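Below you'll find the structure, written out as structure tokens, and then a few comments.
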Amino acid sequence: MRNLKQICWPGAGGDLSKEKKRLPLIWLGTNTCDGDSISFLNSADPNFMEIVTVLFDFRYLHFVMAAQGDMSTSVLDDTLAQDPGNFILVVEGTVPTRNNGLYCVIGTRGGKPLTALEAVQEFGAAARCVVAAGTCAAFGGPYAAHPNPSESKPVSEVLDRAVINVPGCPVHPAWIAGTLIHLAWYGEPELDDFHRPLIFYGETIHNMCQRRHYFDSGIFAAQPGDPWCTYRIGCKGPVTFADCPSRQWNSEHVSWPVKAGTPCIGCVNPGFPERDMPFFKHLPDVNLPGVTVNANRIGAIAATVTALGIGGHFTAGVLKGRMSKKIRKALHPPGTGFELLETTPAAELLSRIRKALLDKTKE
Amino acid sequence: MRFRNNLLGIRIKGVKTFRHNRPLRVMHWVLAPAALSLMASGLYINKPYRNFLFKNMNDARKTHFMAQYFFGLYFLARGYYAIKTRGYRKLFPNSGDIASLPKFSLYELYLNKKQPKYPKYNPLQKLLFIFFAVLFPLQIVTGSALYSTGRLQFLSRPFGGLGNTRTVHYLGAVGLMSLVAGHMYFALTESFSKLKSIFNGYFTPK
Ligand code: HEM
Ligand code: SF4
């Protein structure tokens, strides 16, 4: 497989230093476990060192700053003053909005807390483009899950500009590095309906999976570790867009969940993790007012209620003699006479006459 | 002009009466096998290790994907026909039907012996057609998003992703299956004469 450098700079033969001017880049961590930063640090080719020193003018990454306090956050203000409209903003994590965003403070500015909400809105408005790294920033993720006490939101919902979503829990190093490099050198990559770069999220896992033939022929793993299709134990591959089966993980190209014998949990999906849980069930739980039920259980309950309803109606029909009457009617030749049809002028007239007579007798 | 046997709401018993015309009967018999195979194959896709009706996932999915075209075709044809002939007026409840619903429910709950008769569909049937009119397109939209994951991705946006779309498709299927079971129960037990009319178009009020 060719590495990212060779794909992005075929002309430079992989020598990054020969290429264009480095774009300033700020990476803010909001409500996040920092998994995306850690994953990003594992980028293999180009590696983190090359990204920071050669590819980008990497100004701020909360996770690896040598400085601290005002010394570190002043870098943000300097960027805003020197390079407005020129820097790339990457946000990792959801943005809590409750109490004006006080549930996530990313530093101090002039002795006052600088909330994630303030920072994302301020830097987001001034950035050349905004990238949401990881599922939390892209779609909300665990921090915005029910009941969401901090009223957390994905980045796109606190900004009124387009955001490039690069989801994943964590994001694959090549997805985020590739998107950033594409932005710097070729502009915005082609995006799908959820604003994800098609180069990485263009096809479902299921359609690229090595175990797909087991799916088609109906050979299913009964438990994790079995070497067959993991559909039965809840694989979300059919509804998940990502290139894990071909790109793979662990410093790239080594393995991925299904290859390791566990079902895909759909970590790049909007609604992850709630709408993908329980991970080992085919369909997720559904929140109804007051109760949470698995979708398949709803199916079983509906089937039971329907069977009881029809069975009950039929039994009552037999006991009340209506069924036998119907059978007799079907076997005998029709009688003569008239019948009155409801919701018609005749029925209307009759009910009026009846009402008038009733009123008369009352008088 | 076929004899519809309905003079302002008075109907003569014992006379062969026209009920369903040919296009409606044809459409109904395109829908029925398509919907039943969608249900059977859909249930298999939901739990493929049950080994019931289909040999494997490939067979079930092929059946589902074949039937979906007939189902979609039916929906388009029926929608066009309902609008062109203004048949939707007979299909969905009007204020008279709503007013008559308690009376009909009392009969169906065995609290009233006399069966109320209606020009064509009873209020409960009309209510059922409302559900069909909502659930059919819902199944088509969610099913299309699941079918053509790439090109029709925009269809899964309102549901918040393909996973949710699949859950909605499943729940829609559950609702539809319950309603169809009810529809079939009533169709088979209400009146043998009316049951005949979906095959040959005519029934005889008795
Ligand atoms: C009577 C209407 C229908 C019923 C009862 C029905 C039922 C189902 C059920 C129960 C599933 C399994 C969901 C799961 O647990 O994964 C399913 C899957 C699916 N249905 Fe339907 N469906 C109907 C109509 C349609 C239509 C009209 C389309 C297409 C336009 C469609 C396309 C699909 C697709 C693509 C899948 C996913 C198959 C897969 O995972 O490979 N369905 N359907
Ligand atoms: S393991 Fe998952 S992604 Fe692979 S074929 Fe089975 S269901 Fe599809």
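The values are calculated or read from the model by the stated rules, or taken from the named source; none is laboratory data. As the structure is a prediction and not an experimental result, all values here were calculated from the model. Cβ coordinates were reconstructed from backbone atoms using ideal geometry, including for glycine residues, and neighbour counts include every protein chain displayed.
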- Item | Pairs with Cβ under 7 Å, 6+ apart, first in the stretch B:122-145 and in a helix (DSSP H, G or I), second near ligand 1 (Cβ under 8 Å from one of its atoms) and among the polar types (S, T, N, Q) | B:Gly143/B:Gln68
- Query: Any residue at all in the stretch B:13-27 that is in contact with an Asp or Glu (Cβ under 8 Å, 6 or more places away or on another chain) and either touching a residue at least 24 places away in the same chain (Cβ under 8 Å) or more than 10 Å from every other protein chain (Cβ to nearest Cβ) (or both)?
  - Reply: yes
- How many residues does the stretch A:40-82 contain that are out of contact with any strand residue (DSSP E or B) (no Cβ under 9 Å at 6 or more places or on another chain) and closer than 13 Å to A:Arg22 by Cβ? 4
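Each row is one residue, and each column tells you yes or no for (1) under 30 Å from A:Val254 (Cα atoms); (2) outside any loop (DSSP other than H, G, I, E, B); (3) among the aromatic types (Phe, Trp, Tyr).
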residue	(1), (2), (3)
A:Thr53	yes, yes, no
A:Leu76	no, yes, no
A:Gly85	no, no, no
A:Gly107	no, yes, no
A:Gly124	no, yes, no
- Condition test on A:Phe280, is it at pLDDT 95 or above, within 16 Å of ligand 1 (Cβ to nearest atom) and surrounded by fewer than 18 Cβ atoms within 10 Å (Cβ to Cβ)? yes
- Of the conditions (1) of a type in the set (A, V, I, L, M); (2) free of Cβ contacts under 8 Å to residues at least 60 places away in the same chain; (3) within 13 Å of another protein chain (Cβ to nearest Cβ); (4) away from ligand 1 (no atom under 16 Å from the Cβ), A:Ala242 fails just one. Which one is it? (2)
- Message: Name the residue that is farthest from the other protein chains (Cβ to nearest Cβ), counting only residues in the stretch B:179-206 that are buried (at least 16 other Cβ atoms within 10 Å of the Cβ) and of a type in the set (S, T, N, Q).
- Response: B:Ser197
- Message: Considering only the stretch B:69-87, I want to know if a residue exists there that is in contact with a Gly (Cβ under 9 Å, 6 or more places away or on another chain) and within 30 Å of A:Pro238 (Cα to Cα).
- Response: yes
- Per-region count, the stretch A:255-296, residues in contact with a strand residue (DSSP E or B) (Cβ under 9 Å, 6 or more places away or on another chain), within 14 Å of chain B (Cβ to nearest Cβ) and among the small types (Gly, Ala, Ser): 1
- Query: Got a number for residues in the stretch A:234-259 being among the aliphatic types (A, V, I, L, M) and near ligand 2 (Cβ under 9 Å from one of its atoms)?
  - Reply: 1
- Note on the structure: The helices (runs of 4 or more DSSP H) lying entirely within the stretch B:33-116 that contain at least 3 residues which are within 11 Å of ligand 1 (Cβ to nearest atom) and farther than 23 Å from B:Ala181 by Cα are B:57-84
- Whichever residue in the stretch B:140-178 is surrounded by fewer than 18 Cβ atoms within 10 Å (Cβ to Cβ) and basic (Lys, Arg) and, among such residues, is nearest to ligand 2 (Cβ to nearest atom): B:Arg151
- Query: With respect to B:Arg50, is the statement that it is of a type in the set (Lys, Arg) and more than 14 Å from chain A (Cβ to nearest Cβ) true?
  - Reply: no
- Which residues, counting only those in the stretch A:201-229, are in contact with a Phe, Trp or Tyr (Cβ under 6 Å, 6 or more places away or on another chain), more than 20 Å from B:Gly150 (Cα to Cα) and more than 7 Å from every other protein chain (Cβ to nearest Cβ)? A:Tyr214, A:Ile219, A:Ala221, A:Trp228, A:Cys229
- Task: Please work out which residue is surrounded by the most Cβ atoms within 10 Å (Cβ to Cβ), limiting yourself to the stretch B:107-139 and to residues that are among the hydroxyl-bearing types (Ser, Thr, Tyr) and over 14 Å from A:Leu341 (Cβ atoms).
- Result: B:Tyr107
- Note on the structure: Note on the stretch B:45-65: residues more than 15 Å from ligand 2 (Cβ to nearest atom) and either closer than 13 Å to A:Gly218 by Cβ or free of Cβ contacts under 8 Å to residues at least 24 places away in the same chain (or both) are B:Arg50, B:Asn51, B:Phe52, B:Leu53, B:Phe54, B:Lys55, B:Asp59, B:Lys62
- Which of (1) within 16 Å of ligand 2 (Cβ to nearest atom); (2) of a type outside the set (S, T, N, Q); (3) within 11 Å of another protein chain (Cβ to nearest Cβ) is the odd one out, the single condition A:Val305 does not satisfy? (1)
- Message: Looking only at the stretch A:226-239, filter to residues that are assigned to a loop (DSSP other than H, G, I, E, B) and under 15 Å from A:Phe279 (Cα atoms); which one of those is farthest from ligand 1 (Cβ to nearest atom)?
- Response: A:Thr230
- Any residue at all in the stretch A:201-217 that is touching a helix residue (DSSP H, G or I) at 6+ places or on another chain (Cβ under 7 Å), away from ligand 2 (no atom under 12 Å from the Cβ) and modelled with pLDDT of 95 or more? no
- Item | Residues satisfying the stated conditions in the stretch A:80-135, i.e. under 23 Å from A:Asp70 (Cβ atoms) and among the polar types (S, T, N, Q) | A:Gln82, A:Asn100, A:Thr108, A:Thr115, A:Gln121
